[in-house]
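Single-structure report; data block below.
The values are calculated or read from the model by the stated rules, or taken from the named source; none is laboratory data. Note that the structure is a prediction, hence the values are computed from the model and not measured. In this analysis, Cβ positions are derived from the backbone assuming ideal geometry, glycine residues included, and neighbour counts consider all displayed protein chains. Just the protein is used for accessible areas: all its heavy atoms, side chains included, with ligands, DNA and RNA removed. Shrake-Rupley method; radii C 1.70, N 1.55, O 1.52, S 1.80 Å.
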Amino acid sequence: MNEALNSVFHSESPQAEVISGLFILVLIVCAVILLIVAAMIFSSLARFRHKPGGLDPKPRHGNWKLETAWTVIPFLILIWFLTLTAKGMKESNPPSDQKPDLLVISHQWWWEARYPQSGVLTANEIHIPVGVRWLVGLESADVIHDFWVPRLAPKMDVVPGHPNRLWLEADKPGNYLGTCAEFCGAQHAQMHFLIIAQSPPEFEAWVEKQGKPPPRGLTEGEQKGSRLFQSMTCVNCHTVNGTPAKGQAAPDLTHFASRQTIGAVILPNTPENLARWLKNPQAVKPAILMPDFKLTDAQVSGLTSYLESLK
Amino acid sequence: MKGTTSHPPSIEIFHAQKAGEGFFSWVATVDHKRIGILYLLTAFFFFGVGGLEALVMRVQLAKPNNTLLSPDAYNQLFTMHGTTMIFLVVMPTLIGLANYFVPLMIGARDMAFPRLNAMSYWFLPFGGLLLHFSLLAGGAPSVGWFSYAPLSETPFAPSPGVDYWILALFALGIGSISTSINLIATVLALRAPGMSIRRLPLFAWMVFVNSFLLIMALPALNAAIIMLFIDRQLEAHFFLPSHGGSAILWQHFFWTFGHPEVYIMVLPAFGIISEVIPVFARKPIFGYEFVAASTVAIAILSFGVWAHHMFAVGLGQPMDLFFAASSMMIAVPTGVKIFNWSATLWGGSIHLTTSMLFAVAFLLQFTLGGLSGVTFAVVPIDWQVTDTYYLVAHFHYVLFGGSFFGVFAGLYYWFPKMTGRLLSESIGKVHFWLTVIGFNMAFFVQHFLGLMGMTRRVYTYPDYPGWGLLNMVSTIGAFILGLSVLVLVWNMAVSLRRGTPAGDNPWNAWTLEWAASSPPAEHNFDQLPPIQGRRPLWDLAHPENPDEPEASGGEPESKRSDRNKTGMMCFIASEAFFFIMLLIAYIFYNFSQHPNPGAQWLNPLKTGIFTFCLLASSFTFWRAEKRLGAKDHTGFLVWLLATLALGGVFLVGQGMEYFELFLKGLRAGTNLFSASFFMVTGLHGLHVLVGLIWLLIVLGFALAGDFKTGKTESVKTMGFYWHFVDVVWIVVFTAIYLVGPVS
Amino acid sequence: MTTHEFLLTAWDWNPFVLAACVITLLLYGLSCRWKFSGKSFFFLAGLVLCFLALDSPVSLLARGTLFSAHMLQHLLLVLIVPPLLLMGLPGSGAHGQIPGRLLPWGNNPLIAWFSGVGAMWIWHVPALCDAAASNGSVHVLQTFSLLFLGVLFWRPIVSARKEDRLSPLAGIPYLFTACVACSLLGIWISFAPVGVCPVYMNPVDQLGILPMIRNGWGLTPIADQQIGGLLMWVPACLIYLGAIMVLLGRYYRRPIKEMEIKNARKK
């Protein structure tokens, strides 16, 4: 899922780059200040230890010049930090009057992604073209979440009733792990997502494929699963384009099999994992909204083969 | 005024009450020292509870993909851990120390209002019980200590945990506000002769400033939790965006309280450090004036920085930038303190006692926590690291590495004063080193976890490179920290059983508490030394080199404030902030582009008549006071009855208005107008009702002839409250009825 | 027009303002016989800032174009210029008593407090704010009233004559409550869903600078008003806070000064 360290210093976009540079600079200045204070304290401890029989030192009550110095110098450093802050902020100031290229809607505990230009809709795995700065609109369907891809962009809260904007861009193709950073309830810990940056042609191909309904021509086992899917309550929450399933409350499954992961990027998308999930989702990701349907093994394998056919 | 000064005689009867023995004497005590100890013991108990919660969480996080705890159990744990540590541990500990030592330090006999003090204390166990009662009523709250709406609203948190959390915080808030009022009145009214404000020991000064912070910050929390409670119980939608409410207003209100709260938890610790370092460096504090004034700067600035908790909310860049500026400014006075403490060490004769070790560790750890705080003020950095373990590390450095280390320094310093026995230095050093190692092991690595992308409040995490190892280190550190607490308990037990007797002044310290016996007598001081400077005991021991040589004649006796008036003024200030918050909420919900309907049913003329009655009651009360001053008791009774009648008429008028609105179908849950209207006017009405009950009590006293002796303070104090309630109504009436919802 | 050109050309050089500043300077110089002390620096700074507030591009923008520029001017005239001028006045002498003679009630701290807070609130009533931004004579009235009310407000704090001042510990609540009152207004302006001064929402662009402001500086009317509110809220509070620090400094100063002299003598 994620080979490299997902650290804020391994930035792969201009927006994150600016911040990590700024961060390192500020950290160095802070470290120097800490060292000065520590040096002052430790040298005092070394030099001015009480010696048995020693007298109390002469009282010294203060020194206005020193006080002025250590008021003014930190003040100046902070003014410098403030200018850096203003400059850094400008780098990631998304416009409010422009239409977003991508709309991300957060749910307890998964992510919905809508591509307004192509009408494509997907979940948890968000594809973007490499090297293009995209304006992302962030909206929440329930509580406050936070959209954070440490290596690509500053985090931004996803607040119900308060749409936010964010620049998103990746310099290199690859998978970038994102996660929800604002506590949002029971499964906040497992509300991850992937930003999958692709070269523009690959991205276009992906969009085109996603725009179509899933391939027809199911095998017998898959058809059995398909009938199960349509006859059970799956359709109340999930959508599969080209079928009567039109539920909106849970991830769209039209191209489920083309995804790398399941359960908001907590397990690789393999038939075994999917079967485990269907057998009892509450055991894999406790407290999520999908209940344990107590499916038989035969039902699980039927559904698994159907879902894994939705390329 | 040369020589010794006898303490002013106490007049109140309950002061003379003898200290009894046994359990009940502790329950019934009004002695500030015993109440202080009760605070400390209760806080220590909850420290154990909160600590165990933390250890269970650390076990869960020790390895990736751990399944020891269910997500909900973990979420309850961190919510309870945060709430417990803040409201039931740090605040009561600091309040307990303040209770015990502020009166001693200023040479007072007790707090200004001893019985109020006992009441404040009992709100603490009561609040703690309320909070933990949620466990029996369907589970503890699991929405985090700042209960962000809408997660804390009924649709997402249907179990009553959040309701108990609200009630507990409200109860604890009442206790904290009344203690703060008490402390302010104590410092302003009961200072011994010669103890001018300028000479206050820094601990007393910081507690004093801190008390103002409390009475102004807590009303914001109270307003917020009342609104949340109305949402949850009366189905209003203040914070539910799906019904037009605002999730962001909760955050504004909460952090208006929440950021000052951070300083509420560290300022008294600063005070302890400012006492401990000079004594063990054998020098007066360097730059007393700057340490004292920077406290005021921090206190005031702390009200203007709350939005830095919300940089990632998307408030817009102008807002973020201004708050970045003010947040950075607050680092300046904090830095001034650090430098002054360090300069106090310089050139001293340093005794590295356990207390001093904790103080020195405080200096370094708090500096680290403060500097990582500066990185949060740089907005883009905050955007990356907020809500990660970097933040968790930061505030534990401030609150544990800062506040708790300060408290430990204070504990080793003052324990002999409280018990008469020294804590063991050798066990103390074991305690110290275990604490330092455990603390830094547990929390320093969390900086790296945050930078590596680990978000806070996760009950489990995937097996990413490095995460498992660092978390294991942190868990081991937490257990070492837990062990250190056991060592502390052992140390205290050993000391209580067979500790070295301390004597009155084991550290050769200079402030007044060391002039009392250890433990101090019930009445605190047999005789106070003369106070002619900041360090009376230094002046006593070094008559050749006093701190303020020009003050040899003693400070000219400055007037002390009247405690009743001071207390009442503080209460009114606190209430004023509360109503300001409510009115802000009203304006926020109604002065918008599309206000909810309902205001058209208000009748300004009719309500205006009742308003006139209420205002007239202020006038009649003023007349009553005048009559009382002229010893005309009949006149007093007549005017008092008129006041009661007019106040009653106002309430009846409000009742009629509510009834009419009810008939028209308006309920608290109807829309945002009705919710905010009923909240503001209802809470005001409640205040009028309280005033009326109070008036009835005054009436009872008057009929019993209590005021014939000339003791009329209670009437005057009551008057302030009554006039205040009227002034609030003028503002409320103007905002709601005259200006009205505008679009 | 570029920002650079704008800053160079958009000066008013209003003869009245210039003349007033020069005459004040002359009077001040004459009264102290051209012997400038450290105090005079405050007075001169106040005068320069007053001139900048009234004649620089800030003034031009404040007249109906940018709300934030108006707020900057407003704050300069109430919170910065008056205390600087007051601090620059000699501690004794006849002119120190002039305000007291003219306004016997001007010494009442309650009236002084309401002057300062009123100067903030009254001129931000939408109708008055609009009138001042669009009508020249109202603007003149506003300018004078702000300076006057500012002087009344600051006299109990920084008056050169010690007998006019509040005691430092009484000054702290005086300033703190003023800060709260000012912040509340700032908060309202920052979050107001509507234009506090409607004029600034759709400015008439007589100078052809609107494209520069909207595109070059990126200031939308909403952001502009928000900055105005924030100016009143955050930096204004820092000024009150600074004054509180000055008061505390005064309160503590006397003993430590003597202490230092004594320590120096000992060495």
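Anything in the range B:308-319 that is without any contact (Cβ under 8 Å) to a residue 60 or more places away in the chain and either within 7 Å of chain C (Cβ to nearest Cβ) or surrounded by 24 or more Cβ atoms within 10 Å (Cβ to Cβ) (or both)? List them, or say none.
If the condition is that a residue be without any contact (Cβ under 8 Å) to a residue 60 or more places away in the chain and either within 7 Å of chain C (Cβ to nearest Cβ) or surrounded by 24 or more Cβ atoms within 10 Å (Cβ to Cβ) (or both), then B:G316, B:P318, B:M319 are the ones that fit.
When the range B:275-298 is examined, which residues are found to be more than 7 Å from every other protein chain (Cβ to nearest Cβ) and farther than 21 Å from C:P168 by Cβ?
Scanning the range B:275-298 gives B:E275, B:V276, B:I277, B:P278, B:V279, B:F280, B:A281.
Here's the yes/no breakdown for (1) surrounded by 19 or more Cβ atoms within 10 Å (Cβ to Cβ); (2) more than 37 Å from the chain's Cα centre (by Cα); (3) in contact (Cβ under 8 Å) with a residue 24 or more places away in the chain; (4) not assigned by TED's automatic domain parsing to the domain that holds B:V680:
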{"residue": "B:I609", "(1), (2), (3), (4)": "no, yes, yes, no"}
{"residue": "B:L614", "(1), (2), (3), (4)": "yes, no, yes, no"}
{"residue": "B:F619", "(1), (2), (3), (4)": "no, no, no, no"}
{"residue": "B:A624", "(1), (2), (3), (4)": "yes, no, yes, no"}
{"residue": "B:R627", "(1), (2), (3), (4)": "no, yes, no, no"}
{"residue": "B:D632", "(1), (2), (3), (4)": "no, yes, no, no"}
{"residue": "B:G635", "(1), (2), (3), (4)": "no, yes, no, no"}
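Test B:V379 against the criterion of being in contact (Cβ under 8 Å) with a residue 40 or more places away in the chain and open to solvent by 10 Å² or more (accessible area, probe 1.4 Å), and give yes or no.
No; evaluated as a whole, the condition is false for this residue.
Could you grab the pairs with beta carbons closer than 6 Å, sequence gap of 6+ or different chains, first residue in the range B:62-80 and within 11 Å of another protein chain (Cβ to nearest Cβ), second one open to solvent by 20 Å² or more (accessible area, probe 1.4 Å) and of a type in the set (S, T, Y)?
As it stands, the answer is B:D72/B:S142; B:N75/B:S142; B:Q76/B:S142; B:T79/B:S142, since those pairs meet every condition given.
Show me the helices (runs of 4 or more DSSP H) entirely contained within the range B:376-421 in which 3 or more residues are more than 9 Å from chain A (Cβ to nearest Cβ).
Counting at least 3 such residues, we get B:389-398, B:405-419.
Given A:L102, A:L76, A:L82, which one is of a type outside the set (G, A, S), farther than 30 Å from A:G263 by Cα and surrounded by 14 or more Cβ atoms within 10 Å (Cβ to Cβ)?
None of the others qualify; the one that does is A:L82.
Return the pairs, sorted by first residue and then second, in which the second residue is in a helix (DSSP H, G or I), the first residue lies in the range B:479-502 and is among the aromatic types (F, W, Y), the beta carbons are less than 7 Å apart, and the residues are 6+ apart or on different chains.
B:F479/B:L55; B:W490/B:I427
In the range B:217-250, which residues are over 17 Å from B:T670 (Cβ atoms) and more than 29 Å from the chain's Cα centre (by Cα)?
Matches in the range B:217-250: B:P241 only.
Which is out of contact with any strand residue (DSSP E or B) (no Cβ under 9 Å at 6 or more places or on another chain), part of a helix (DSSP H, G or I) and open to solvent by 80 Å² or more (accessible area, probe 1.4 Å), of A:F23, A:F42?
Testing whether each residue is out of contact with any strand residue (DSSP E or B) (no Cβ under 9 Å at 6 or more places or on another chain), part of a helix (DSSP H, G or I) and open to solvent by 80 Å² or more (accessible area, probe 1.4 Å) leaves just A:F42.
Any residue at all in the range A:242-259 that is over 16 Å from A:N124 (Cα atoms), part of a helix (DSSP H, G or I), outside the structural domain of A:H188 (by TED's automatic domain parsing) and out of contact with any strand residue (DSSP E or B) (no Cβ under 8 Å at 6 or more places or on another chain)?
The answer is no, given that none of the residues of the range A:242-259 is over 16 Å from A:N124 (Cα atoms), part of a helix (DSSP H, G or I), outside the structural domain of A:H188 (by TED's automatic domain parsing) and out of contact with any strand residue (DSSP E or B) (no Cβ under 8 Å at 6 or more places or on another chain).
Please go through the range A:141-159 and pick out each residue that is open to solvent by less than 10 Å² (accessible area, probe 1.4 Å) and assigned to a loop (DSSP other than H, G, I, E, B).
Selection gives A:V143, A:I144, A:V149, A:P150, A:L152, A:A153, A:P154, A:K155.
A:A153 versus (1) modelled with pLDDT under 95; (2) away from chain B (no Cβ under 14 Å); (3) touching a helix residue (DSSP H, G or I) at 6+ places or on another chain (Cβ under 9 Å): which is the lone unmet condition?
Just one mismatch for A:A153, condition (2).
I'd like the full set of residues that are part of a helix (DSSP H, G or I) and either facing chain A (nearest Cβ under 7 Å) or surrounded by fewer than 24 Cβ atoms within 10 Å (Cβ to Cβ) (or both), limited to the range B:439-459.
Matches in the range B:439-459: B:F439, B:N440, B:M441, B:F444, B:V445, B:H447, B:F448, B:L451.
Here's a check for you: in the range B:106-157, which residue that is touching a Phe, Trp or Tyr at 6+ places or on another chain (Cβ under 9 Å), within 14 Å of chain A (Cβ to nearest Cβ) and of a type in the set (A, V, I, L, M, F, W, C) is surrounded by the most Cβ atoms within 10 Å (Cβ to Cβ)?
The selected residue is B:A149.
Tell me which of these C:V204 doesn't satisfy, since it passes every other one: (1) open to solvent by less than 40 Å² (accessible area, probe 1.4 Å); (2) among the hydrophobic types (A, V, I, L, M, F, W, C); (3) assigned to a loop (DSSP other than H, G, I, E, B).
Only one criterion in (1) open to solvent by less than 40 Å² (accessible area, probe 1.4 Å); (2) among the hydrophobic types (A, V, I, L, M, F, W, C); (3) assigned to a loop (DSSP other than H, G, I, E, B) is unmet by C:V204, namely (1).
Within the range B:492-506, take every residue that is in a helix (DSSP H, G or I) and of a type in the set (G, A, S) and give me the one that is surrounded by the most Cβ atoms within 10 Å (Cβ to Cβ).
The qualifying residue surrounded by the most Cβ atoms within 10 Å (Cβ to Cβ) is B:S495.
Please tell me if B:S342 is more than 7 Å from every other protein chain (Cβ to nearest Cβ), modelled with pLDDT of 95 or more and more than 28 Å from B:I215 (Cα to Cα).
Judged against the criteria, B:S342 is not a match.
Would you list the helices (runs of 4 or more DSSP H) that sit entirely within the range B:1-102 and hold 2 or more residues that are at pLDDT below 90?
B:22-27
Go through (1) within 11 Å of another protein chain (Cβ to nearest Cβ); (2) in a helix (DSSP H, G or I) for C:N215 and report which single condition fails.
Answer for C:N215: the failing condition is (1).
Would you tally the residues in the range A:167-189 being more than 9 Å from chain B (Cβ to nearest Cβ) and open to solvent by less than 10 Å² (accessible area, probe 1.4 Å)?
Here the count works out to 4.
Given (1) open to solvent by 40 Å² or more (accessible area, probe 1.4 Å); (2) in contact with a Cys (Cβ under 9 Å, 6 or more places away or on another chain); (3) at pLDDT 90 or above; (4) not hydrophobic (A, V, I, L, M, F, W, C), identify the lone condition not met by C:Y240.
Every condition holds for C:Y240 apart from (1).
Where the second residue is outside any helix (DSSP H, G or I) and open to solvent by 10 Å² or more (accessible area, probe 1.4 Å) and the first is touching a residue at least 12 places away in the same chain (Cβ under 8 Å) and lies in the range B:164-190, which pairs have Cβ atoms under 6 Å and are six or more apart or on separate chains?
B:N182/B:F113; B:L188/B:S561; B:A189/B:R560; B:A189/B:S561
Among (1) at the interface with another protein chain (Cβ under 9 Å from one of its Cβ atoms); (2) open to solvent by 10 Å² or more (accessible area, probe 1.4 Å); (3) touching a residue at least 60 places away in the same chain (Cβ under 8 Å), where does B:L301 come up short?
(3)
I need the helices (runs of 4 or more DSSP H) fully contained in the range C:1-56, keeping only those with at least 2 residues that are loosely packed, with under 13 Cβ neighbours inside 10 Å.
It comes to C:3-9, C:15-31.
Residue-wise test of (1) open to solvent by less than 40 Å² (accessible area, probe 1.4 Å); (2) free of Cβ contacts under 8 Å to residues at least 24 places away in the same chain; (3) closer than 17 Å to B:F239 by Cα.
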residue	(1), (2), (3)
B:G653	yes, no, no
B:F659	no, yes, no
B:L666	yes, no, no
B:G669	yes, no, yes
B:F673	yes, no, yes
B:L689	no, no, no
